[in-house]
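Here is the structure we will look at, set down as structure tokens.
Read the figures in this text as sums done on the coordinates, not as results from a lab. The model shown is predicted, which means the values in this text are computed figures rather than measured ones. Note that each Cβ is placed from the backbone with ideal geometry, even for glycine, and that neighbours are counted across all protein chains shown.
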């Protein structure tokens with residue numbers, strides 16, 4: 001039986017291959033403790049390094065990181081354990097575990113990579129050492145096998161930006177009456193938008209951040225423009241509920257109205273929309289895109305991309321050009337585009353329809369690396385299936401006059417080893433939380449149908 005571990009005990013962390021694929025710099029993330037890499041892991045990295053996929057890139061980067069740590073050390077020093085130097089000055093040691101012989105093992109009947117890693121961990125625990133061995137893996141099956149063998153095992157949590165998925169900011173602060181416990185006064189002068197601005201002070205302001213919706217039950221809605229501990233500056237939101245709309249689309253609630261404000265705000269460069277299926281994310285974004293390109297002439301084109309992670313079994317390779325290959329993945333956008341053009345059919349001529357369709361481009365994420373988008377509204381769908389590294393690769397594509405929109409639902413993650421607290425969408429929201437040119441909101445009301453709403457709740 002596994003005994004409770006003393007908090008001050010020195011540990012030896014045995015890393016599974018998927019940890020280094022998930023985070024090639026994982027060996028640097030264990031402070032003063034010992035990091036053990038089984039030879040089986042090195043062999044798996046060697047087999048995965050060929051190709052242009054993200055897995056291959058991660059395998060090559062992990063191998064390079066290990067090679068840099070080995071530079072200048074003799075074989076005897078490597079065998080004894082080499083120091084892990086970090087910028088913080090606090091580091092442990094790195095050792096490599098030999099491949100165990102399983103030919104006479106009563107526990108493992110096949111020399112699979114998982115069994116070899118677990119056997120190496122058992123051998124490390126039996127060696128005379130003051131360290132406690134702990135297997136680190138994102139493979140649930142390996143975690144179960146390790147627990148069955150009385151091995152300490154943990155998930156790799158260093159990349160988790162949230163303690164749990166429910167703690168991801170929804171971008172909204174709500175109260176019964178916004179000025180109830182807050183001191184506020186209207187700022188003089190004309191704002192760029194022409195809407196009133198207020199300076200607000202109070203203890204509750206500490207919970208706010210730039211780009212947040214502040215609302216109350218009496219209908220007041222404002223966006224936080226500036227935030228400094230207990231003082232903030234807010235600007236009232238435009239209303240897209242009744243007379244004013246985006247390409248014929250009205251907001252159904254405060255969250256949708258705020259999403260429209262963020263999408264149409266030229267001071268916001270990055271918008272992230274989260275929400276369950278059917279909350280209107282795609283419909284609202286496409287309505288804003290058509291308005292920005294056709295009515296406002298704010299951008300030259302709309303580029304849409306997404307991670308092509310299938311919901312079920314693979315259907316094989318798709319024929320055609322890049323855009324033709326992406327069409328099956330972009331059905332939701334095409335359906336919403338057709339619906340929006342149908343709604344505005346009386347106001348949009350045939351020439352204008354062709355103009356709009358030519359400005360909306362579907363692009364594969366696999367061809368984004370190295371590109372720079374200017375005068376572009378770049379929409380990234382299914383962002384919950386992206387890793388933090390992929391999110392960074394996409395965010396750094398933004399050039400002059402480019403706005404990025406990330407959409408996703410952390411309740412529908414299809415990428416292995418990603419969770420609601422480690423996925424790219426959660427990473428993006430938390431990292432840009434206090435940047436004044438970013439905004440996030442989680443949509444709550446399911447608009448698709450009562451069946452869709454009930455399915456989201458009970459299934």
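Extension gain for the segment residue 110 to residue 400, taken as residue separation times 0.36 nm less the Cα-Cα distance, is 98.8 nm to one decimal. Full extension of the chain segment joining residue 102 with residue 245 gains 44.6 nm, where the gain is 0.36 nm per residue of separation less the Cα-Cα distance.
Take every DSSP beta bridge whose two residues both sit in segment 200-263; close to 100 percent of them are antiparallel.
Using only Cα atoms, find the angle between the long axis of helix 54-70 and the longest principal axis of the chain, and express it within 0 to 90 degrees, rounded to the nearest 10. Once rounded, one gets 50 degrees. The angle between the Cα long axis of helix 254-264 and the longest principal axis of the Cα atoms of the chain comes to about 90 degrees, rounded to the nearest 10. Beta bridges per DSSP, both residues in the chain: antiparallel share near 30 percent. Helical runs assigned H by DSSP (4 residues or longer) give the chain a calculated mean residue ellipticity at 222 nm of -8500 deg cm²/dmol, each run adding -39500 (n - 2.57) before division by the residue total.
Between residue 76 and residue 31, full extension at 0.36 nm per residue minus the direct alpha carbon distance yields a gain of 13.8 nm. The label-point distance for residue 414 and residue 301, in a model that sets each label 7 Å from Cα toward Cβ, rounds to 2.6 nm.
For the chain, averaging the sequence separation of C-alpha pairs within contact (under 8 Å, six or more residues apart) and dividing by the residue count gives a relative contact order of 15 percent. Each peptide among 101-111, 30-40 gets the average number of other Cβ atoms lying within 10 Å of its residues, and from highest to lowest they stand as 30-40, 101-111. Measure nothing fancy, just the Cα-based angle from helix 113-126's long axis to the longest principal axis of the chain, in degrees from 0 to 90, nearest 10. Around 60 degrees separate the two axes.
The listed peptides 218-227, 132-141, ordered by packing as a protection proxy, come out as 132-141, 218-227 (highest mean of other Cβ atoms within 10 Å first). Put a dot 7 Å past the Cα of residue 230, heading toward its Cβ, do the same for residue 187, and the two dots end up 2.0 nm apart. The alpha carbon gyration tensor of segment 11-154 gives principal lengths a ≥ b ≥ c with a/c of 1.5 or higher and a/b no greater than b/c, which makes the shape oblate. Which one, (1) 45; (2) 62; (3) 50, gives percent of Cα pairs over 32 Å apart as derived from the coordinates shown? Among (1) 45; (2) 62; (3) 50, the one derived from this structure is (3). Packing around the peptides 393-399, 439-445, taken as the average count of other Cβ atoms within 10 Å per residue, puts them in this order, highest first: 439-445, 393-399.
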